[in-house]
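Worksheet: one structure, shown below.
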Amino acid sequence: MPMCFYESKIGRIGIAEKDGSISNVYISGDKLPEDAQLGETHLLKEAVRQLKSYFAGELKEFTLPLKPEGTEFMKKVWSALCEIPYGKTVSYKEIAEKVGVPKGARAVGIANNRNPIPIFIPCHRVIGADGSLTGYGGGLDMKKYLLELEGLE
């Protein structure tokens with residue numbers, strides 16, 4: 001699978017492509033797949049361009065083909081995450097209600113944790129029902145940074 005790296009304000013980010021779509025984003029410390037091959041495709045270059053623009057505060061919505069692999073429930077959750085507007089947050093419970101499982105906040109949390117394309121699928125925009133920052137694969141400092149970048153505190 002072709003993959004490239006981008007040195008960002010939150011550390012090194014790996015972006016992988018599979019079958020013409022972004023399939024994975026690896027944040028500093030994530031284990032890389034064994035079949036990863038360094039390469040720059042048109043799509044990977046565009047993904048880096050959009051990330052740079054996002055980190056510069058210029059881009060508010062990504063327009064990349066995404067193809068995360070997971071269960072149907074996970075895909076529903078990830079699709080709902082993509083609908084959270086830039087600069088807004090929602091709770092796990094709100095996402096659970098949106099995907100038709102009102103008591104599934106914990107399951108939403110698990111799907112959120114397994115999001116293979118963080119940042120592009122904005123799992124950092126999901127917070128606890130009480131407004132607290134909850135787990136993030138890149139750590140709470142990274143989640144806080146991303147939310148502050150989007151104008152939230």
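Table for the structure above
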item	result
Within segment 13-28, tally of residues that are farther than 15 Å from ILE119 by Cβ and of a type outside the set (S, T, N, Q)	4
Residues satisfying the stated conditions in segment 1-58, i.e. among the β-branched types (Val, Ile, Thr) and closer than 22 Å to TYR136 by Cα	ILE10, ILE13, ILE15, ILE22, VAL25, ILE27, VAL48
Qualifying residues in segment 131-146 (those that are in contact with a helix residue (DSSP H, G or I) (Cβ under 6 Å, 6 or more places away or on another chain) and surrounded by 17 or more Cβ atoms within 10 Å (Cβ to Cβ)) - the one nearest to LEU32 (Cα to Cα)	TYR136
The listed residue being modelled with pLDDT under 95, in contact with a Gly (Cβ under 6 Å, 6 or more places away or on another chain) and not hydroxyl-bearing (Ser, Thr, Tyr), out of GLY151, GLY135	GLY151
Subset of segment 112-130 (residues that are surrounded by fewer than 16 Cβ atoms within 10 Å (Cβ to Cβ) and either of a type in the set (Phe, Trp, Tyr) or in contact with a strand residue (DSSP E or B) (Cβ under 8 Å, 6 or more places away or on another chain) (or both))	GLY128, ALA129
Selection from segment 56-69 of residues that are touching a helix residue (DSSP H, G or I) at 6+ places or on another chain (Cβ under 7 Å) and surrounded by 13 or more Cβ atoms within 10 Å (Cβ to Cβ)	LEU59, PHE62, LEU64, PRO68
Failed criterion for ASN24 (all others in (1) more than 24 Å from LEU149 (Cα to Cα); (2) part of a strand (DSSP E or B); (3) not aliphatic (A, V, I, L, M) hold)	(1)
Lone qualifier among ILE95, ILE84 - being of a type in the set (Val, Ile, Thr), closer than 27 Å to ALA47 by Cα, touching a strand residue (DSSP E or B) at 6+ places or on another chain (Cβ under 8 Å) and not in a helix (DSSP H, G or I)	ILE84
Filter result (part of a helix (DSSP H, G or I) and more than 14 Å from the chain's Cα centre (by Cα)) within segment 60-75	GLU72, PHE73
Residue match in segment 125-144 (condition: part of a strand (DSSP E or B) and closer than 14 Å to LEU81 by Cβ)	yes
Members of segment 33-48 that are touching a residue at least 24 places away in the same chain (Cβ under 8 Å) and over 12 Å from PRO2 (Cα atoms)	ALA47, VAL48
Answer from LYS76, LYS31, LYS88 - the residue that is surrounded by 14 or more Cβ atoms within 10 Å (Cβ to Cβ) and of a type outside the set (S, T, N, Q)	LYS76
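The values are calculated or read from the model by the stated rules, or taken from the named source; none is laboratory data. A quick note: this is a predicted structure, and the numbers were derived from the prediction, not measured. Every residue, glycine as well, gets a Cβ built from its backbone with ideal geometry; the counts of neighbours run over all protein chains shown.
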